[in-house]
């Protein structure tokens, strides 16, 4: 199993979640976060903004769903065909174990 | 070293904290998140929740409350939850997971949350600069 953490634009959150749900990836955890990326924030008329609001989506998925998940996020979180600075990042890390609390069953 | 990520009900924060102390781990980071689980395939589970919520709504002639509740339950609503992250030694993981499950189980059958266990490559204690297992 894998943990996918995607940092995306907050205005793209609804669309990405809807498309993920449509593709069968319904389960998700969403956090509002602030952060900056490689461009060191944005500079507007001399003022640097480096705590840019973003949405962090966390999803636990099976290994074989990774490609689909990444493709969907890349497709729907981009602001244009070629993408733009600030569209976000996707991090993928391994999960050793998963437990569902209501049943205690060790699976997704 | 493992990182335990547990998503639990908001009103279970207190008992979860207590359970963690009893399991021997006092340290954790927690924050508010929103989320949804997998779609519920068994309609009778939703029906029970609906009945409960309708009782809470009280007298309702217009059917407005029922409509709201139905939308809430079958829609793509994101529900508020508390997310705990706990750093633990490998051998403690089973005890902690057990404690969290015991504290958070309800008879609702859905929505009690998930626990994820991720490997951690290294940790550093800022105060002393200790690394690895000693920093946990």
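Observations, loosely collected:
- Here chain A has an Rg and Dmax of 15.6, 55 Å, counting Cα atoms alone.
- Taking the helices alone, the protein assembly as shown has a mean residue ellipticity at 222 nm of -9000 deg cm²/dmol, built from -39,500 (n - 2.57) per DSSP H run of at least 4 residues and averaged over all its residues.
- Anisotropy class of the protein assembly as shown from Cα gyration tensor, a/c 1.5 cut: oblate
- What separates the Cα centres of segment A:11-83 and segment B:1-51 is a distance of 24 Å.
- Degrees between helix B:93-104 axis and first principal axis of chain B (Cα, 0 to 90, nearest 10): 30 degrees
- Against the main long axis of the alpha-carbon atoms of chain A, helix A:13-22 sits at an angle near 30°.
- Against chain B, whose longest principal axis is taken from its Cα atoms, helix B:64-74 shows a tilt of about 40°.
Bear in mind these aren't lab numbers, they're just calculated from the coordinates by the rules spelled out. Note that this is a predicted model, so its numbers are computed, not measured.
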